[in-house]
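Any read-out appearing in this document is the output of simple, stated calculations on the displayed coordinates, not a laboratory observation. This one's a predicted model, so the numbers in the text were calculated from it and none came from an experiment. In this analysis, Cβ positions are derived from the backbone assuming ideal geometry, glycine residues included, and neighbour counts consider all displayed protein chains.
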Amino acid sequence: MPVLLEAAVDALRVRKDGIYIDATYGRGGHSRAILDRLGAAGRLIGLDQDPTAIAHAEQAHRGDERVVMAQRNFSELSSLIHSMGLDHQIDGLLIDLGVSSPQLDDAGRGFSFRTDGPLDMRMNPDTGISAAEWLAHVDQATLTRVIRDFGEERYAGRIARAIIEAQQHSPLVRTQQLAEVIEQAMPPAARNASAIHPATRTFQAIRIALNHELDVLEQVLEDGIDMLAPAGRLVVISFHSLEDRLVKQAIHRAAVPPPASRRSPVAVKFSPQLKKIGKLVRPDDAECARNPRARSSKMRVAEKLPPEQAV
């Protein structure tokens, strides 16, 4: 079930002849809604680094000449759009962050500890190293930092130490193996007090680190703002406070002049690229009841300004 479906597609202000990017296709919920509003002259460019998602998209949209699918990482979006000759011509860019439900529900992908599976966690299983391989070589200080910074986990040090010690006895290669180590590392009071599983934040942190998600997000926000046409819309749905902070900061930097500095008496000319549209959007109670995975979602929207509006 796509999160914030109507709100996100409404925010894009889809024109029948516009060019839109769904940068995280998943299983195509948002893309289908965009296509419903596009005319014959419109175009939808769908991206996903997961080969299973691309295979699904190619089957679902076979014969629809409005649709172009590409198996790409965010970091390749700018080069793709340039190769298509569409620089500064994109009318809307939708980025729905995080892991898709099919990825979470497939035990073989290793994103979830609720069913046992290989400890993988790669967004694209054909490239890079698995979480099991990463954990086999990471040092305790790095692991502590990852769990603390990317998982915002209070007990990062205890958990990292327990993982390193467990690795010395038997390699952690299954999701439930890792989840049990994390759970046992937590103080009993903390283990029982939280509404979420004790392993949730650590699994999230390892996934973010393994896939370089925050670095790639910063890159796609910078590139995405640049590729938009005047009046084009940037719509970003995030599920994690670190992601949302990066989105908020990117929009602010592109929309608001930097603060004055006493060291620089001459004001620097500033040309805003964006204007913020509306307030932070969250799912209502009805959507959260229908789709519990929507609970932590947040959506921010901005619009590209013409280049001459300098202040």
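With viscosity set to 0.692 mPa s and temperature to 37 °C, compute the Stokes-Einstein D of segment 37-113, Rh being the Kirkwood radius across alpha carbon pairs; µm²/s, no decimals.
Approximately 231 µm²/s, per Stokes-Einstein.
Where the only charges are on Cβ atoms (+1 Lys, Arg; -1 Asp, Glu), what is the dipole of the chain about its Cα centre, to the nearest 20 debye?
Dipole about the Cα centre, nearest 20: 1100 debye.
Helices from the chain with mean Kyte-Doolittle at least 0.0 and a Cα length along the axis of 18 Å or more, per DSSP H: which?
Those that pass (Cα extent of 18 Å or more, hydropathy at least 0.0) are 213-227.
Please report, to one decimal in angstroms, the Kirkwood hydrodynamic radius of segment 124-210 built from all distinct Cα-Cα pairs.
With all distinct Cα pairs of segment 124-210 included, I get 12.9 Å.
For the chain, what proportion of DSSP beta bridges, expressed in % and rounded to the nearest 5, is antiparallel?
Once the DSSP bridges in the chain are tallied, antiparallel ones form about 45 percent.
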